[in-house]
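Structure, as structure tokens:
The values are calculated or read from the model by the stated rules, or taken from the named source; none is laboratory data. In this text the structure is predicted, and so the values were computed from the model without any measurement. FYI the Cβ positions are ideal-geometry reconstructions off the backbone, even for glycines, and counts take in every protein chain you see. Calculation scope for accessible area: heavy atoms of the full protein, side chains included, ligands and nucleic acids excluded. Shrake-Rupley method; radii C 1.70, N 1.55, O 1.52, S 1.80 Å.
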Amino acid sequence: MAERTIPIADHRYRASVPAVPAVPQPPSGLLSDRLGRPLRDLRISVTDRCNFRCSYCMPKEIFDGTYRFLPHASLLSFEEITRLARVFVAHGVHKIRLTGGEPLLRKHLEQLIAMLAALRDVDGRPLDLTLTTNATLLARKAAALQAAGLQRVTVSLDALDDRVFRAMNDVDFPVAGVLEGIDEAMRVGLGPLKVNMVVKRGTNDHEIVPMARFFRERYEGRVILRFIEFMDVGTTNGWRMDHVLPSAQVLERLHAVFPLEPVEPNCSGETAERWRYRDGGGEIGLISSVTQAFCRDCNRARLSTEGKLYLCLFATRGHDLRALLRGGASDAQLAGAVGQVWAGRDDRYSELRSAGRAPTDGERRVEMHYIGG
Ligand code: SAM
Ligand code: SF4
Ligand code: SF4
């Protein structure tokens with residue numbers, strides 16, 4: 001028998017193969033975890049590679065020419081992703097976000113979009129299908145993505161000042177390239193579009209008001225700008241609390257220039273707190289993962305590029321669904337295993353961190369580019 005080579009990269013984080021119940025219960029769409037939270041949102045990382053080196057996510061010193069990204073054979077194929085997605089949808093997921101790394105680097109991504117767009121949720125409705133991107137390839141790909149069934153995109157952009165942005169992406173990519181991607185996405189109908197800005201105190205916080213002004217004026221309220229607190233994800237980004245600008249201060253700075261009022265959340269489990277400009281200039285969002293934990297409503301599961309299920313952004317252990325898939329498990333067995341894993345979930349890292357009780361079990365936390373945002 002030919003020898004099997006198991007790439008080292010597969011073992012970068014701890015994972016175990018979930019148990020398959022002897023008599024799997026068919027999914028009811030009503031799954032809930034130990035804290036009563038349903039499963040509604042699935043984030044799928046389609047690649048661990050990226051053409052940016054944002055210092056808060058993939059710092060160049062670590063993700064350099066010697067870093068071993070996952071070999072192609074480790075990645076889930078589009079068929080495997082779709083099969084797993086179908087299982088999650090049967091358990092109640094109705095929103096799927098593709099992420100990475102940079103998802104648009106995955107070849108023929110529109111084929112995966114078309115496969116996922118054909119799925120229907122437990123009520124027979126099409127899924128809410130979206131993607132987060134740095135937009136470097138968006139101008140080229142937006143039309144094909146939309147034609148394949150993608151509904152919306154979220155674009156990451158941390159500054160309008162070219163010098164600041166080029167330094168933050170650390171590959172000298174210009175703001176103009178991202179704006180081109182946003183324009184094209186808007187043109188082909190991938191809206192309402194959201195723009196995510198990670199705010200790092202002392203690095204780009206002076207860009208808060210200019211970003212708000214720009215998106216209000218250029219897109220007349222059709223783009224929602226969201227400000228994200230710099231998070232302590234993974235272990236490589238040199239996170240420090242004094243680099244976090246609390247959302248309350250972001251709000252204060254914006255409100256002084258463009259008066260704002262709160263908006264009711266769309267649905268439970270929404271990560272962003274919504275505010276709108278009083279003059280009708282549109283909406284913004286505040287994502288306060290550090291200063292205001294929202295674990296209580298967290299209904300998100302994450303599937304890594306190589307098919308490991310993570311129950312929290314700050315998890316140290318994954319559940320290896322690829323091993324089940326490639327080991328010949330049936331759909332009923334996969335659904336039984338996923339249901340059992342979710343039913344046992346009690347993750348609430350941010351809440352515990354806020355209470356000064358963040359687990360410090362010494363295990364390595366997963367990196368953002370590996371499981372996506
Ligand atoms: N490459 C794509 C992009 O940047 O849009 C998708 C993957 S990226 C990991 C997803 C989101 O996570 C981005 O909006 C990014 O800004 C955010 N992110 C990454 N590291 C972060 C950190 N340490 N704190 C807060 N947000 C972070
Ligand atoms: Fe790449 Fe996105 Fe991470 Fe930046 S935030 S390094 S664009 S994966
Ligand atoms: Fe969800 Fe974990 Fe974030 Fe809490 S810390 S909101 S459980 S991903």
If I filter region 290-313 for residues that are under 17 Å from Thr99 (Cβ atoms), modelled with pLDDT under 90, within 16 Å of ligand 1 (Cβ to nearest atom) and touching a strand residue (DSSP E or B) at 6+ places or on another chain (Cβ under 9 Å), do I get at least one hit?
no
Scanning region 114-154 residue by residue, the ones that are part of a helix (DSSP H, G or I) and either open to solvent by less than 40 Å² (accessible area, probe 1.4 Å) or modelled with pLDDT under 95 (or both) total 7
When restricted to Ser45, Ser55, the only residue within 16 Å of ligand 1 (Cβ to nearest atom), among the polar types (S, T, N, Q) and either open to solvent by 10 Å² or more (accessible area, probe 1.4 Å) or at pLDDT below 95 (or both) is Ser55
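A quick yes/no check of all residues on (1) closer than 15 Å to Leu39 by Cα; (2) open to solvent by 10 Å² or more (accessible area, probe 1.4 Å); (3) over 18 Å from the mean Cα position of the chain (by Cα); (4) more than 16 Å from ligand 2 (Cβ to nearest atom):
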{"site": "Leu254", "(1), (2), (3), (4)": "no, no, yes, yes"}
{"site": "Val257", "(1), (2), (3), (4)": "no, yes, yes, yes"}
{"site": "Arg274", "(1), (2), (3), (4)": "no, yes, yes, yes"}
{"site": "Tyr370", "(1), (2), (3), (4)": "no, no, no, no"}
Please determine whether any residue of region 11-23 is assigned to a strand (DSSP E or B), surrounded by 16 or more Cβ atoms within 10 Å (Cβ to Cβ) and either modelled with pLDDT of 95 or more or away from ligand 3 (no atom under 16 Å from the Cβ) (or both). yes
Task: Condition met for Asp172 (away from ligand 3 (no atom under 16 Å from the Cβ), open to solvent by 30 Å² or more (accessible area, probe 1.4 Å) and not hydrophobic (A, V, I, L, M, F, W, C)) - done: yes
Gln249: passes all of (1) within 22 Å of the chain's Cα centre (by Cα); (2) farther than 29 Å from Leu35 by Cβ; (3) among the polar types (S, T, N, Q) but (1)
Any residue that is within 11 Å of ligand 3 (Cβ to nearest atom) and not basic (Lys, Arg) - is there at least one of those in region 339-348?
yes
Only one of (1) out of contact with any Lys or Arg (no Cβ under 7 Å at 6 or more places or on another chain); (2) within 16 Å of ligand 3 (Cβ to nearest atom) does not apply to His108, and that is (2)
When restricted to Gly238, Gly280, the only residue over 24 Å from the mean Cα position of the chain (by Cα), of a type in the set (Gly, Ala, Ser) and surrounded by fewer than 13 Cβ atoms within 10 Å (Cβ to Cβ) is Gly280
